[in-house]
Amino acid sequence: MKIIIPVLIALLLTGGKPYERIAINLIYDFFSVYMEPEPETENLPPRRESAYAEFFERIAEQEMVPVSILESVALAESRFRPWAMSPIRSDGFRDLGMFQINERYLEWYANKYNMAVMFDPLDYRIATVIAARHLRAMKEMFGSWEYAVISYNCGASRVKTGTIPASTVRYFEKVWNDN
């Protein structure tokens, strides 16, 4: 490392125009790789104990989602019960499984996160993968795990328009803090 910088600077100063852009790019690459600051630790909900901890850890690593997010959402949605079903709502649909995936959107979730293969939301293994992929997509869309959790509950369109219901605020507090 000590030799690279002086060589690049010498190349920049003495190499002339053809080497100028190469030297600048190499210096930029060096600083972006070796001098990058340590990432800030994110504010995340606490870990939750469950019989599914080992499984959640594996899926969280595989899908690049903090395990505490998966645990907290599963706890808030169903208290870790894979067989949980909400009552049928006025729209004729209900939420199913550990992650309370709405049956109205099963085909959409299958197309987006499961290679168009329909799945059983009561199967906690596939439901966990689908939930993790959806949470990660929402994190990428909104830039934070907080907004990912909020959109998991009320939908991305409400987050985009800023029309987040009070029930979602309570849900978020439950997921993020005390459950």
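The values are calculated or read from the model by the stated rules, or taken from the named source; none is laboratory data. Remember, it's a predicted structure, so these values are computed and weren't measured experimentally. Glycine also receives a Cβ, built like all others from the backbone with ideal geometry; neighbour counts cover every protein chain displayed.
So the values come out like this:
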{"quantity": "Residue count for region 120-142, restricted to those that are of a type in the set (Gly, Ala, Ser) and under 15 Å from Ser72 (Cβ atoms)", "calculated": "2"}
{"quantity": "Ala137 being in a helix (DSSP H, G or I), within 15 Å of the chain's Cα centre (by Cα) and crowded, with 20+ Cβ neighbours inside 10 Å", "calculated": "no"}
{"quantity": "Helices (runs of 4 or more DSSP H) fully within region 1-101 counting 2 or more residues that are at pLDDT below 85 and of a type in the set (Gly, Ala, Ser)", "calculated": "17-34"}
{"quantity": "Region 156-170, residues that are surrounded by 17 or more Cβ atoms within 10 Å (Cβ to Cβ) and outside any helix (DSSP H, G or I)", "calculated": "Ile164"}
{"quantity": "Among the candidates Val149, Val159, residue that is β-branched (Val, Ile, Thr), farther than 23 Å from Glu54 by Cα and in contact with a helix residue (DSSP H, G or I) (Cβ under 6 Å, 6 or more places away or on another chain)", "calculated": "Val159"}
{"quantity": "Subset tally (residues that are among the basic types (Lys, Arg) and assigned to a loop (DSSP other than H, G, I, E, B)) for region 102-118", "calculated": "0"}
{"quantity": "Residue among Arg104, Arg79 that is out of contact with any strand residue (DSSP E or B) (no Cβ under 8 Å at 6 or more places or on another chain), exposed (fewer than 14 other Cβ atoms within 10 Å of the Cβ) and closer than 19 Å to Met138 by Cβ", "calculated": "Arg104"}
{"quantity": "Condition check for Asn153: part of a helix (DSSP H, G or I) and at pLDDT below 95", "calculated": "no"}
{"quantity": "Flag for Arg58 being in contact (Cβ under 8 Å) with a residue 24 or more places away in the chain and basic (Lys, Arg)", "calculated": "no"}
{"quantity": "Residues satisfying the stated conditions in region 80-136, i.e. of a type in the set (D, E, K, R) and closer than 22 Å to Glu54 by Cβ", "calculated": "Arg81, Asp120, Asp123, Arg125, Arg133, Arg136"}
